[in-house]
Amino acid sequence: EEKSFTMTQADNRGYSAYASSTTFLGEVANKRTFVNEQGLVYQVFDSVEEGEIISTHAAISVNGRDLTFSFSGYEKDEVDAVLKQLDVNVYFVEE
């Protein structure tokens with residue numbers, strides 16, 4: 001089985017007010033939160049097609065940036081392991 005991992009980023013730091021939003025085709029299931037070792041809270045959910053999970057997504061807003069991580073072909077414990085160790089310290093650096 002093939003695996004893929006993608007990350008998308010929207011930089012909204014230049015706006016005083018904005019709404020975060022990402023669109024996914026198909027049905028969404030298993031909405032949950034995940035707290036990693038940095039104490040960051042991700043919104044996690046699965047994309048479902050014909051009753052089968054086709055990918056898992058994790059979304060978070062960090063200092064004006066919206067990050068979305070998408071996992072296809074990964075088991076839940078593999079996704080959790082990546083999110084647990086994912087270091088997003090670069091988003092806390094002042095420019």
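The values are calculated or read from the model by the stated rules, or taken from the named source; none is laboratory data. Here the structure is a predicted model, which is why all the values come from computation and not from measurement. Ideal geometry is used to build each Cβ from the backbone, glycine not excepted, and the neighbour counts take in all protein chains shown. The accessibility values were calculated without ligands, DNA or RNA, using every heavy atom of the protein model including side chains. Shrake-Rupley method; radii C 1.70, N 1.55, O 1.52, S 1.80 Å.
Taking residues in the stretch 1-13 that are farther than 12 Å from residue 63 by Cβ, and partners anywhere that are open to solvent by less than 90 Å² (accessible area, probe 1.4 Å) and modelled with pLDDT under 90, the pairs with Cβ atoms closer than 8 Å and at least 6 places apart or on different chains are 7/67; 8/22; 8/67; 10/20; 10/65; 10/66.
Within the stretch 61-95, being among the β-branched types (Val, Ile, Thr), in a loop (DSSP other than H, G, I, E, B) and without any contact (Cβ under 8 Å) to a residue 12 or more places away in the chain holds for one residue alone: 93. The set of residues from the stretch 23-72 being hydroxyl-bearing (Ser, Thr, Tyr) and loosely packed, with under 14 Cβ neighbours inside 10 Å comprises 23, 33.
Taking the criterion of being surrounded by 14 or more Cβ atoms within 10 Å (Cβ to Cβ) and either of a type outside the set (Ser, Thr, Tyr) or at pLDDT 80 or above (or both), the residues of the stretch 79-95 that qualify are 79, 80, 82, 83, 86, 88.
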